[in-house]
Amino acid sequence: MLDTLLLSRIQFAANISFHILFPTITIALAWFLVFFKFRYDRTGEAVWLRAYRFWVKIFALTFALGVVSGITMSFQFGTNWPGFMERIGNIAGPLLGYEVLTAFFMEATFLGIMLFGMKRVSPRLHTFATLIVAIGTTLSAFWILSLNSWLQTPTGYTLVDGVFYPKDWFEIIFNPSFGYRFFHMLLASALTASFLMAGISAYRLLKEDHKHAPKLTLKVSLTVAALLAPMQMFVGDLHGLNTFEHQPQKVAAMEGVWETEQGAPLLLFAIPDEQQRTNHFEIAIPKLASLILTHEAEGEIKGLNEFKGEHPPVKPVFFGFRIMVGIGVLMILVALVTRYTLWKRSTLPTWQLKALVAMTFSGWIATLAGWYVTEIGRQPFMVSGLVKIEELVTNVPSEHVLLTLIGYLTLYAVLLAAYIKTLFYTARNAVQVEEYQTTPVQGGQYV
């Protein structure tokens, strides 16, 4: 039987993995909707409103699942990690409270107008409601990532008898890794939503949907992806340099460096062996890891052997990092090739459309891989260098945790399958809908 600590870690990973899928889409998709609505209000071209109406359905479904799955996250602090709030609650509680007071209340207030008020309020008010919801999704990411970043690079606190107290809220919120992690996540969301939109639009075109709306959304999404995918690689590199400064053991695991060395190679592939504390089957580029991380070919990288007992499990961090980077490079290539094809001709060939459908959920894979690198890379600490996770776990019998874990995994598998099936059902159903002109009637309301 697995112990309570490991089962609680698995359960938290399962919950956060399922939850993060949906905000990763809605954060950026809300801004796509704002763009579609502004374009319609400015030009009066009905195709922008048709694009809005299709994608606002997907936003509503995704937002609902994100809210529901997020509730279980807070439950876990009480059921599986009671020591978290006992010792860290003075920091975590207010940050989570700020997220509810600023972001969630804002979204909840204007979401009803956004989803159901198009024919009941003026176009200007409806566009304003959409904008507020988009701002709310971004604010939500701001507060959650501020807390997560503080756990990675804690500052602005006082420690009294093992309990954290806030000393400087500015330092807590804008801790050393927050800016890098926040913008890295916003770009990840934009790419996830872009490839989702491109994939669903390509799917509609493959189903012989000859209307203008899927062609337009395909063009918009690929333009955004082509612009932001290279930018994400740049921001990710800056984030890596910040991590190298504050969490060198995480970088050592990412790079598979066991002994401190100068001129460390970049491992394209290897199989880390924690028993023998070495790598097998290495494929490496000499000195490149040191050059990337220190900007010097002979720069020094601390090895994992300097952090015995205080470094993360190596294999998940090592392979997770390579999956994230590999998907990111693939995104860049696909976005640039397909957008260039659209620039040269008005349509994409069938093989490129199929490639985009295959890439529909590529953003999820890259995001989860990056999230695992971040969170597993913090182990064995809950607060980096200060509090180990084993100090905070519940004393509930492992059988009870296993039972709830099985329940969560079963429910999440069903919900995820239903969600994906609903997306493609909505796309197929849109093929059958006739294209019609939609214009504001007298008085400024929509027909």
Can you work out which of the residues in the stretch 388-420 that are part of a helix (DSSP H, G or I) and polar (S, T, N, Q) is nearest to PHE164 (Cα to Cα)?
SER398
Of the criteria (1) touching a residue at least 12 places away in the same chain (Cβ under 8 Å); (2) closer than 30 Å to LEU353 by Cα, which one LEU227 fails:
(1)
List every residue pair whose Cβ atoms lie under 7 Å apart, where the two residues are 6 or more positions apart in sequence or sit on different chains, the first residue falls within the stretch 276-296 and is basic (Lys, Arg), and the second residue, located anywhere, is surrounded by 14 or more Cβ atoms within 10 Å (Cβ to Cβ).
ARG277/TRP258; LYS287/GLY263; LYS287/PRO265
Taking the options GLU259, GLU245, GLU208, name whichever one is under 20 Å from GLY377 (Cα atoms), open to solvent by 20 Å² or more (accessible area, probe 1.4 Å) and in a loop (DSSP other than H, G, I, E, B).
GLU259
Condition test on MET231, is it in contact with a helix residue (DSSP H, G or I) (Cβ under 9 Å, 6 or more places away or on another chain), of a type outside the set (Asp, Glu), open to solvent by 60 Å² or more (accessible area, probe 1.4 Å) and over 19 Å from LEU342 (Cα atoms)?
yes
Exception for LEU95 within (1) at pLDDT below 90; (2) more than 17 Å from the chain's Cα centre (by Cα) falls at (1)
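Give the residues of the stretch 1-17 that are outside any loop (DSSP other than H, G, I, E, B) and open to solvent by 10 Å² or more (accessible area, probe 1.4 Å), sorted by residue number.
Once the filter is applied, which keeps residues that are outside any loop (DSSP other than H, G, I, E, B) and open to solvent by 10 Å² or more (accessible area, probe 1.4 Å), the stretch 1-17 yields THR4, LEU5, LEU6, ARG9, ILE10, PHE12, ALA13, ALA14, ILE16, SER17.
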Any idea which of VAL357, VAL314, VAL325, VAL329 is touching a Pro at 6+ places or on another chain (Cβ under 6 Å) and either free of Cβ contacts under 8 Å to residues at least 40 places away in the same chain or hydrophobic (A, V, I, L, M, F, W, C) (or both)?
VAL314
Those residues of the stretch 1-51 that are without any contact (Cβ under 8 Å) to a residue 24 or more places away in the chain and either touching a Lys or Arg at 6+ places or on another chain (Cβ under 8 Å) or under 23 Å from PHE142 (Cβ atoms) (or both) come to a total of 1
The residue that is modelled with the lowest pLDDT, considering only those in the stretch 388-430 that are open to solvent by less than 30 Å² (accessible area, probe 1.4 Å), of a type in the set (A, V, I, L, M) and more than 28 Å from LEU151 (Cα to Cα), is ALA430
Which of the residues that make up the stretch 172-187 are part of a loop (DSSP other than H, G, I, E, B) and either open to solvent by less than 60 Å² (accessible area, probe 1.4 Å) or touching a strand residue (DSSP E or B) at 6+ places or on another chain (Cβ under 7 Å) (or both)?
ASN175, PRO176, SER177
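The values are calculated or read from the model by the stated rules, or taken from the named source; none is laboratory data. Please read all numbers here as calculations on a predicted model, not as lab measurements. In this analysis, Cβ positions are derived from the backbone assuming ideal geometry, glycine residues included, and neighbour counts consider all displayed protein chains. What goes into the accessible areas is simple: the full protein's heavy atoms, side chains included, and nothing from ligands, DNA or RNA. Shrake-Rupley method; radii C 1.70, N 1.55, O 1.52, S 1.80 Å.
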